[in-house]
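The values are calculated or read from the model by the stated rules, or taken from the named source; none is laboratory data. Because the structure is a prediction, the values reported are computed rather than measured. Here Cβ is always computed from backbone atoms with ideal geometry, including for glycine, and neighbour counts include all displayed protein chains.
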Amino acid sequence: MTVHLVVGAGFIGEALARALVARGDTVLLATRSGTIVPGTTSLRVDASDPDALAAAAAGAATIFLATSPRQYHRWPELWPPMHRAAIEAARRSSARLVLMGNLYGYGEASAMPMSETTPLHPTEPKGQVRAEGWALAAAAHARGEIEVVEVRASDYFGPGAGRSSQLGSAFFGPVLAGKSARIFGSASEPHSWCFLADIVDTLIAAADYRGPWGQVWHVPAAEPLSRAEIAERVNRLTGEEGGVRALSPAFLRLLGVFVPFIRAANHSAYQFDRPFLIDSIETERLLGVHATPWEESLAAVIESYRTPAERADA
């Protein structure tokens, strides 16, 4: 039976752990608090401690680094030790390393759509630290010390996505109630969005891949939609009349003076004031993964907001 170490039990980590358990694999779930997910073995591990992480990875075929610091503004401080610890744990344990990544490292000037071969040219601190983490891992791979890949996703959504997601509860909650969601960035610019199930499928397919490692994979996304278009589709599925209203950039800049999290978000505001698009053709070809259609993914999200009584009456 294949053993995996999943580091992190947030939105993606928990779903990944459940999917691996469902296919019959053994899952060691490493979190700082010892989060319990049925079917997994819970471990209390500091993801920035290389000794603790290496001990947890002993006997594992794969290490999935699926965690991310909640303190957005502290990424430059908190990410480097986690990247170094994961690389060291993979080196000592001989486990393959799968990094859960994002698109921040491509930077503001990247041509659209961004593909797996788009160069990393970060233009703000969060993108810089993610690019540096991949550079460290790729260098260790090139030296023959580890085997690593990075799975990069655009902004995620799906059942259980909270307020930290640009397409999470702060969006769907108001829209499903027939109100206007207040959003960060433009309501009308097209954007690539990655569904949770597709992220999990791509992570697992990347770990199972028997071709060359040391490369980047992109999670497939359905056709790009603006948040106004997504609200319209939700309305058609539910009969509601929800909408979106963009928060004032001037207000967000002012708020960023006092709130570090908002200030950090403002640094990457370019992702939401123009088209922000992902290309995953090569990943789809080699891994055999595909994006869930909007109708199916939105139906799953809508269902997750229904109460037990509403489901019983359906």
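Taken over region 244-262, the criterion of being in a helix (DSSP H, G or I), surrounded by fewer than 17 Cβ atoms within 10 Å (Cβ to Cβ) and within 24 Å of the chain's Cα centre (by Cα) is satisfied by Pro260, Phe261. The residues of region 94-116 that are part of a loop (DSSP other than H, G, I, E, B) and either in contact with a Cys (Cβ under 6 Å, 6 or more places away or on another chain) or without any contact (Cβ under 8 Å) to a residue 40 or more places away in the chain (or both), listed by number, are Ser94, Gly107, Ala109, Ser110, Ala111.
In the condition set (1) assigned to a loop (DSSP other than H, G, I, E, B); (2) closer than 19 Å to Phe272 by Cβ, Gly160 is compliant with all but (2). With respect to the conditions (1) in a loop (DSSP other than H, G, I, E, B); (2) in contact with a strand residue (DSSP E or B) (Cβ under 6 Å, 6 or more places away or on another chain); (3) over 19 Å from Leu203 (Cβ atoms), Ser42 falls short on a single one, namely (1).
Listed conditions (1) surrounded by fewer than 17 Cβ atoms within 10 Å (Cβ to Cβ); (2) in contact with a Ser or Thr (Cβ under 9 Å, 6 or more places away or on another chain); (3) outside any helix (DSSP H, G or I) are all met by Glu241, apart from (2). Total residues in region 172-225 satisfying the condition of being part of a helix (DSSP H, G or I) and under 21 Å from the mean Cα position of the chain (by Cα): the figure is 15.
Does Ala228 satisfy being touching a helix residue (DSSP H, G or I) at 6+ places or on another chain (Cβ under 7 Å) and either in a loop (DSSP other than H, G, I, E, B) or within 24 Å of Gly173 (Cα to Cα) (or both)? In short, no. Taking region 1-26 as the range and being within 20 Å of Pro159 (Cβ to Cβ) and part of a strand (DSSP E or B) as the test, only Val6 passes. Taken over region 305-314, the criterion of being at pLDDT 55 or above, surrounded by fewer than 12 Cβ atoms within 10 Å (Cβ to Cβ) and in a helix (DSSP H, G or I) is satisfied by Pro308, Glu310. Pairing each residue of region 146-160 that is assigned by TED's automatic domain parsing to the domain that holds Ala61 and buried (at least 24 other Cβ atoms within 10 Å of the Cβ) with any residue that is at pLDDT below 95 and among the acidic types (Asp, Glu), provided the two are 6+ apart or on different chains, yields no C-beta distance under 6 Å.
When we screen Ala207, Ala197 for residues that are modelled with pLDDT of 95 or more, surrounded by fewer than 21 Cβ atoms within 10 Å (Cβ to Cβ) and more than 22 Å from Ala265 (Cβ to Cβ), the only hit is Ala197. For the structure I just gave you, tell me whether Arg91 is in a helix (DSSP H, G or I), touching a residue at least 24 places away in the same chain (Cβ under 8 Å) and surrounded by fewer than 18 Cβ atoms within 10 Å (Cβ to Cβ). The answer is yes for Arg91.
Going residue by residue through region 169-183, is there one that turns out to be small (Gly, Ala, Ser), crowded, with 20+ Cβ neighbours inside 10 Å, more than 21 Å from Asp279 (Cβ to Cβ) and touching a Phe, Trp or Tyr at 6+ places or on another chain (Cβ under 6 Å)? Taking every residue of region 169-183 in turn, at least one turns out to be small (Gly, Ala, Ser), crowded, with 20+ Cβ neighbours inside 10 Å, more than 21 Å from Asp279 (Cβ to Cβ) and touching a Phe, Trp or Tyr at 6+ places or on another chain (Cβ under 6 Å).
Looking at Arg70, Arg23, Arg74, Arg44, can you tell me which residue is charged (D, E, K, R), over 30 Å from Ala221 (Cβ atoms), in the same structural domain as Val200 (by TED's automatic domain parsing) and surrounded by fewer than 17 Cβ atoms within 10 Å (Cβ to Cβ)? Result: Arg44 is the single residue among Arg70, Arg23, Arg74, Arg44 that is charged (D, E, K, R), over 30 Å from Ala221 (Cβ atoms), in the same structural domain as Val200 (by TED's automatic domain parsing) and surrounded by fewer than 17 Cβ atoms within 10 Å (Cβ to Cβ). Within region 278-290, restricting attention to residues that are in contact with a strand residue (DSSP E or B) (Cβ under 7 Å, 6 or more places away or on another chain) and part of a loop (DSSP other than H, G, I, E, B), the residue that is surrounded by the most Cβ atoms within 10 Å (Cβ to Cβ) is Ser280.
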